[in-house]
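Report on one structure; see the data block that follows.
The values are calculated or read from the model by the stated rules, or taken from the named source; none is laboratory data. The shown structure was predicted, so the numbers you read here are calculated from the model rather than taken from an experiment. Cβ placement follows ideal geometry from the backbone for every residue including glycine, while neighbour counts extend to all protein chains displayed. The protein model used for the area step is the full one, side chains on, heavy atoms only, and it has no ligands, DNA or RNA in it. Shrake-Rupley method; radii C 1.70, N 1.55, O 1.52, S 1.80 Å.
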There are 2 protein chains.
Amino acid sequence: MNSTINTLLSHRSIRSFTEQPIDSSLLDTILNCGLAASSSSFIQCVSVVRVSTAENRSKLAEYAGGQPYVESCSEFLVFCADYNRHQQIHPEAQLGFTEQTLIGSIDAAMMAQNCLTAAESLGLGGVYIGGLRNNPHKVTELLALPKHVIPLFGLCLGYPNQNPETKPRLPKSIVVHQEHYQPISLDELAQYDAHIQDYYATRTDNKKAVSWSTQITQTLSKEARPFMHDFLQKQGFNTK
Amino acid sequence: MNSTINTLLSHRSIRSFTEQPIDSSLLDTILNCGLAASSSSFIQCVSVVRVSTAENRSKLAEYAGGQPYVESCSEFLVFCADYNRHQQIHPEAQLGFTEQTLIGSIDAAMMAQNCLTAAESLGLGGVYIGGLRNNPHKVTELLALPKHVIPLFGLCLGYPNQNPETKPRLPKSIVVHQEHYQPISLDELAQYDAHIQDYYATRTDNKKAVSWSTQITQTLSKEARPFMHDFLQKQGFNTK
């Protein structure tokens, strides 16, 4: 055990922030930690848009489905897969491959996770905003993202004004398979469902009575942003 | 500055490992750090396959295009996007959405990055193996991944037997945009290209003479795993 392990194991999303700004040298450190993450084949296909104006923050909070912490956090970063950069350098670049969408998503997430870990190690907190994908066209327009750039998710950062519990994850016995994929153990799932129900019933904020199985059954009974298929193609991704 | 920041900023891929195994309690800690990462809408759609047998490691090293450290590392983990788990719980789950591929890729990468950071904080090193996507059908067959599961990348972990330099990344001034997307500054790109040429010319191993712009021009003049489009659809991803 060390302080990095403690930081990683203590992660919980923070959605309420004090008004204390993040010092620009701290933000630089956080971003440098993000840049230090691995890059597939050294393609470096991630861009980050830092959004600071109240007007733009307000619009992004709305586009994300009404998430007020997009406005109230100290820093808001939008992580994008970016192959426009490469097209500027090499106008004949072969783009649009589904593989390149995977690389962009994976590399952006690794960079962002380094930023969040660095921030948490400094006493800050944050939450990812996948809700930006509710309105990807509007986010793209607001941030003036050109073709071959897509917004993937946002990251709110700031000094925590709340202290929520960590949320129990699926156990290793379900997530980690040895040598070959194994179907889920119904006993272990039942135990986890009971654990999550207890967590939701007793946590400080937003108590509810639902198991994980019920929750994902509800979520996956609905379509998942069906417009994403066409949006990606319009931006020049997943065309082949 | 703190030890977590130092760990993140000191990252470099390790491809040569001693024979020292990773203690099972350390591996548990590393995996628990991975599990603690954020999960989009709490869908928890990541599975990890730990591959230990020499025979399977040898096959994966070959499928990845001949990467011997897949065999020689102490631990090899394959990170997968997994919605089969949800289908087992909810057979009528609506799957196949492009959005779900994004969630799976992003969440798997965040989990993996936590594992790598935890490992590095403990004195271990590692390298991601995107090369598994050279032969996704064969990897899928070897790991017995069912429909709605795709292998995204591997992670080699072990005690370092080399001490390579950190590799200079694109500067913040190019990667981070304020408020709106900005085209690349050709001056800054030229500076970075010179920096990378110097890095390649003077590093300990695998010296070469190439700028980043030249490197990505070469890479992006070729198709990027054009079979990925059909592979994903066959596994039940990106079908709508």
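Quick notes on this structure:
- Radius 12 Å from Cβ of residue A:47, net charge of other residues (Lys, Arg +1; Asp, Glu -1): +1
- Segment A:57-129 versus segment B:32-89: alpha-carbon centroid distance in Å: 24
- Seen from residue A:227, the other residues with C-beta closer than 13 Å to its C-beta sum to a net charge of +2, counting Lys and Arg as +1 and Asp and Glu as -1.
- Label point 7 Å beyond Cα along the C-beta direction, distances from residue B:147 to other copies (nm, shortest first): 3.6
- Since only B:152, B:124, B:2 are under comparison, the one whose Cα sits farthest along the positive direction of the charge dipole of chain B, derived from C-beta charges on Lys, Arg, Asp and Glu, is B:152.
- Distances between equivalent label points of residue A:50 across the copies, with each point positioned 7 Å along Cα→Cβ, amount to 4.1 nm, shortest listed first.
- Kirkwood Rh and Cα Rg combined as Rg/Rh, the protein assembly as shown: 0.93
- Accessible heavy-atom area order of A:187, A:198, B:107, highest first, probe of 1.4 Å: A:187, A:198, B:107
- By the Cβ distance rule of under 4.7 Å, the protein assembly as shown has these cysteines without a partner: A:33, A:45, A:80, A:115, B:33, B:45, B:80, B:115.
- Whole-Hz couplings from phi, Karplus 6.51/-1.76/1.60, listed for segment B:83-89; x for Gly and Pro: 10, 5, 3, 6, 5, 4, 7
- Whole-Hz couplings from phi, Karplus 6.51/-1.76/1.60, listed for segment A:210-215; x for Gly and Pro: 7, 8, 5, 4, 5, 4
- Site pair residue B:41 and residue B:58 shows an inter-label distance of 4.4 nm when each label is modelled 7 Å from Cα along Cα→Cβ.
- Computed from label points 7 Å out along Cα-Cβ, the spacing between residue A:92 and residue A:2 is 4.8 nm.
- Basic side chains Lys and Arg get +1 at the Cβ, acidic Asp and Glu get -1 at the Cβ, and with that the dipole of chain A about its Cα centre reaches some 380 debye.
- Both numbers refer to the Cα atoms of segment A:3-166; Rg and Dmax are 15.9, 51 Å.
- Computed over segment A:103-183, the percent of Cα pairs more than 14 Å apart is 75.
- The protein assembly as shown - share of DSSP beta bridges that are antiparallel (%, nearest 5): 85
- Residue-span extension gain [residue B:167 to residue B:144] - 0.36 nm each, minus C-alpha spacing: 4.7 nm
- Here the simple spin-label model places points 7 Å from the Cα toward Cβ, and for residue B:205 and residue B:240 these points are separated by 4.8 nm.
- Residues in segment B:35-42 carry Karplus couplings, in order, of 4, 6, 5, 4, 10, 4, 6, 6 Hz; the curve used is 6.51 cos²θ - 1.76 cosθ + 1.60 with θ = phi - 60°, and Gly or Pro positions show x.
- Calculated label separations, residue A:167, copies of the chain, 7 Å along the beta-carbon direction, nm: 3.4
- Residue A:240 accessible area, assembled protein chains, probe 1.4 Å, Å²: 90
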